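The values are calculated or read from the model by the stated rules, or taken from the named source; none is laboratory data. Being a predicted model, the structure only gives us computed values, none of them experimental. Here the Cβ is made from the backbone with ideal geometry for all residues, glycine too, and neighbour counts use every protein chain on show. Note: areas computed on protein heavy atoms with side chains; ligands, DNA, RNA excluded. Shrake-Rupley method; radii C 1.70, N 1.55, O 1.52, S 1.80 Å.
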Amino acid sequence: MKRISCAAAFAASLLLAPLCARAAPVSASLAPYFAPVTTPSASPDQDGFLRRWLVLEPIAKPNRSNQGFTSVYVRDAFAKAALPGGPTAIPRDGQTIPMGGQSLQWHALDAGLFDAKLFYLAQGLGKPTYGVIFWATTIIESDREIADAHLAVGSNSASMWWLNGAETAALFGDRRMVVDDAVSPRVTLHKGRNILRGAIINGPGLSDFCARFVDDAGRPITDLRIATR
Amino acid sequence: MKKHLISALCLAALAAGGAKAQLEGEPFIHDPSTIAFSDGQYYTFGTGEGGLVSADGWTWHKGGVRPGGGVAPDTIRIGDRYYVAYAVGGGGMNGGHASNVKVMWTKSLNPKSPDFAYHDVGIVASSDGKEPCDAIDPAFLYADGHLWLSYGTYFGYIRMVELDPATGQRVAGNQPVDIAIDLEATALMYRDGWYYLLGTQGTCCDGPNSTYNIRVGRSRNPLGPYVDNFGVPMLKGGGKLVWGAHGRGLGAGHFGLVDLGDGVEKFSFHWEADMDRSGRSVLAILPLIWKNGWPVGQENLRPGTYEIQSERGGALELAVDEVRLPFDFRKSWFRNPADGPDKPLPDQTLEENSKVWPKGQIAVDMGDYMVRPHQHWTISPAPGAGGYMGAPYVKITIAGTERALAATPAGEVITVPAFTGASEQLWRIDQLSDGTYRIIPRGTPDPRAPLVLAAVGRSTARLVRFSPDSDAGRWTFRLP
């Protein structure tokens with residue numbers, strides 16, 4: 001999300017901000033965008049998108065605009081919202097952690113679409129939808145070592161991604177979620193378990209992200225299994 | 001043909017030397033044949049014996065062996081044979097227009113190769129000196145299983161005959177067909193079901209006063225009728241301009257297609273006069289693009305400062321944080337009388353923009369073009385860096401700085417604080433036949449199948465093998 005959706009909306013936002021804030025619908029359901037995980041593992045979809053994630057309920061981080069998401073700001077924001085347990089720690093579904101004076105819960109979810117629509121997750125959980133930081137993590141299991149993998153991600157708005165604890169991709173600035181926005185340098189997916197973690201920050205707008213692995217030729221890597229435990 | 005009135009003078013000029021000009025080395029030649037690749041080298045032959053040879057298509061030296069003498073040869077490879085056609089006689093020399101086009105073949109153009117040996121095929125076309133044709137300036141086309149040969153000059157008609165691709169001999173019973181007037185130095189191309197007849201109009205062989213220029217017509221049938229973009233038949237003097245005098249080059253003639261594959265086409269020709277080389281006749285190679293089904297000559301990208309825009313959408317830029325322009329956004333929507341009259345706002349300066357740049361290497365990505373200094377790239381010559389098939393290697397730096405675009409061994413693209421001339425900081429900018437460009441690092445493992453800067457993501461550029469089926473490796477250079 002970016003600048004609301006049009007100039008008129010922008011102008012209106014200057015005058016009618018309280019009205020806009022009341023206009024958002026509230027849903028108690030996660031469907032159709034998410035469903036609880038019910039199977040041991042899943043596969044990427046036919047385009048390679050990773051749809052199974054452990055997502056932490058949003059951390060409040062108020063921002064009136066996304067224009068300030070410089071690398072310095074985003075790195076600092078994520079550092080201050082760092083998760084306990086180290087960069088490759090895998091939380092449990094339902095586990096809660098203290099963050100910013102609140103208790104936030106991890107949810108193991110399957111995304112209904114290629115992208116994980118975090119806005120609707122927050123809305124469905126009755127949590128803040130604007131001015132938030134989300135953490136997401138997943139386990140990538142591979143039957144072979146894949147040395148020419150590239151993490152291809154898109155997010156709304158800025159995000160950072162770590163594979164097996166190493167920073168792999170970063171998207172700064174006021175971003176819209178588009179497929180393959182940033183494609184990482186070559187990384188190795190090890191045989192066995194690999195841990196992918198991401199953090200997404202957004203001010204106003206429709207938070208979401210999509211992620212997949214592609215090979216050197218840009219073809220999606222689909223012979224993987226995705227798990228949350 | 002007029003040029004041969006002074007061909008002896010031209011030949012005398014084919015000596016070593018040369019100052020700055022497009023191609024390097026000693027590219028002195030008149031009537032260059034279509035460039036052929038043989039045993040790792042490029043060859044072109046001209047009027048008189050011998051020709052030029054080059055390892056990279058940029059630096060040319062005297063070399064190659066073409067027996068038989070005569071004028072204006074052409075070369076084509078079919079299977080394991082290189083056919084060479086050339087004309088003996090005619091051209092108006094001593095007032096005569098009786099001439100023979102001869103063909104020979106060899107399996108290698110490299111005189112040091114064990115496969116190098118010319119085999120004479122014999123005469124495939126001729127003029128008797130009285131008929132309205134002068135059988136010189138032959139040009140091959142192998143298309144759709146047929147081998148065609150055009151020939152002729154201003155004295156009467158350009159004619160077409162068919163040869164046997166297996167032997168190089170004239171097809172039995174084949175008769176010449178008149179296809180054009182007011183041309184010489186013809187060439188043929190086939191593309192998308194169209195046959196293209198190119199040729200040179202204007203005055204040859206008068207140094208910087210030569211008005212030579214390259215024209216084209218097309219037909220669905222190799223035997224014509226060929227017409228230009230105005231529908232004027234080439235049998236009535238039609239011909240769409242492809243390329244003429246430009247910059248320091250005067251008198252463009254004797255077109256030859258250089259198809260590099262990947263949708264990259266160039267054309268070879270000679271300048272009657274290279275004004276940077278004493279007005280001598282030299283080989284030149286430039287980009288060829290296509291517009292509405294017509295070939296159009298182009299110059300190489302001029303040095304200068306550009307926005308480099310991906311066909312995927314996104315300007316090449318330093319991956320640095322945004323530096324905002326100071327602005328009271330209220331003024332976009334509400335005006336106060338106290339604001340005073342409208343006035344121009346200054347662009348962001350390099351000094352302002354560069355305050356957030358890290359020292360050392362900086363990554364490169366692609367972003368929305370915002371007319372900011374970290375998005376402006378200066379293309380500059382890199383003397384001594386060489387080139388490849390008509391395109392020089394250049395340096396690409398952030399405008400106003402020495403911060404240079406560089407390739408890494410892993411295929412990533414970064415900038416380094418200062419240009420050092422290292423190979424990984426040199427780039428070739430090839431114009432593609434659709435008018436866009438591809439950007440190739442000098443160190444690409446195979447220049448004939450190069451890695452290019454490509455938009456592998458919406459915001460990510462990396463070096464990958466160029467694919468003509470994708471827009472990822474296509475870029476547009478725009479003036480800021």
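Residues of region A:155-201 that are among the aromatic types (Phe, Trp, Tyr) and out of contact with any helix residue (DSSP H, G or I) (no Cβ under 6 Å at 6 or more places or on another chain): A:Trp161, A:Trp162. With respect to the stated conditions, A:Gln46 fails to be under 21 Å from A:Ile226 (Cα atoms), at pLDDT 95 or above and open to solvent by less than 70 Å² (accessible area, probe 1.4 Å).
Within region B:436-475, the residues that satisfy the criterion of being touching a strand residue (DSSP E or B) at 6+ places or on another chain (Cβ under 6 Å) and over 27 Å from A:Ala170 (Cβ atoms) are B:Thr436, B:Tyr437, B:Arg438, B:Ile440, B:Arg442, B:Thr444, B:Pro447, B:Pro450, B:Phe466.
Among the residues of region B:446-471, those that are surrounded by fewer than 21 Cβ atoms within 10 Å (Cβ to Cβ), within 14 Å of another protein chain (Cβ to nearest Cβ) and assigned to a loop (DSSP other than H, G, I, E, B) comprise B:Ser467, B:Asp469, B:Ser470, B:Asp471. Taking region B:361-385 as the range and being in a loop (DSSP other than H, G, I, E, B) and polar (S, T, N, Q) as the test, only B:Gln361 passes.
Among residues of region A:116-130 that are assigned to a helix (DSSP H, G or I), those with a beta-carbon under 7 Å from a residue that is charged (D, E, K, R) and open to solvent by less than 20 Å² (accessible area, probe 1.4 Å) at least six positions away or on a different chain give the pairs A:Leu118/A:Asp208; A:Phe119/A:Asp208; A:Leu125/A:Glu57.
Of the residues making up region A:158-186, those that are within 12 Å of chain B (Cβ to nearest Cβ), in a loop (DSSP other than H, G, I, E, B) and under 18 Å from A:Ile140 (Cβ atoms) are A:Asp180, A:Ser184, A:Pro185, A:Arg186. Selection within region B:211-224: residues that are under 21 Å from the mean Cα position of the chain (by Cα) and open to solvent by 10 Å² or more (accessible area, probe 1.4 Å). The member of this set that is farthest from B:Trp294 (Cα to Cα) is B:Thr211. When only residues in region B:371-420 that are within 14 Å of chain A (Cβ to nearest Cβ) and without any contact (Cβ under 8 Å) to a residue 24 or more places away in the chain count, which is least open to solvent (accessible area, probe 1.4 Å)? Of everything passing the filter in region B:371-420, B:Thr408 is least open to solvent (accessible area, probe 1.4 Å). Per the listing A:Gln102, A:Gln95, A:Gln67, the residue uniquely open to solvent by 10 Å² or more (accessible area, probe 1.4 Å) and within 14 Å of chain B (Cβ to nearest Cβ) is A:Gln67. Starting from residues that are open to solvent by 10 Å² or more (accessible area, probe 1.4 Å) and in contact (Cβ under 8 Å) with a residue 60 or more places away in the chain, keep the ones in region B:259-271 and report whichever is farthest from B:Leu451 (Cα to Cα). Looking at residues that are open to solvent by 10 Å² or more (accessible area, probe 1.4 Å) and in contact (Cβ under 8 Å) with a residue 60 or more places away in the chain, I get B:Glu265. Residues in region B:19-61 that are surrounded by 16 or more Cβ atoms within 10 Å (Cβ to Cβ), modelled with pLDDT under 95 and among the charged types (D, E, K, R): 1 in all. Within region B:331-349, residues that are open to solvent by 100 Å² or more (accessible area, probe 1.4 Å) sit with their Cβ atoms under 8 Å from residues that are in a loop (DSSP other than H, G, I, E, B), at 6+ positions apart or across chains, in these pairs: B:Leu345/B:Leu325; B:Leu345/B:Phe327; B:Asp347/B:Val371.
Consider region A:140-157 and keep the residues that are aliphatic (A, V, I, L, M) and within 11 Å of chain B (Cβ to nearest Cβ). The one that is surrounded by the most Cβ atoms within 10 Å (Cβ to Cβ) is A:Val153.
Residue count for region A:187-220, restricted to those that are open to solvent by less than 10 Å² (accessible area, probe 1.4 Å), touching a residue at least 60 places away in the same chain (Cβ under 8 Å), more than 14 Å from chain B (Cβ to nearest Cβ) and of a type in the set (A, V, I, L, M): 4.
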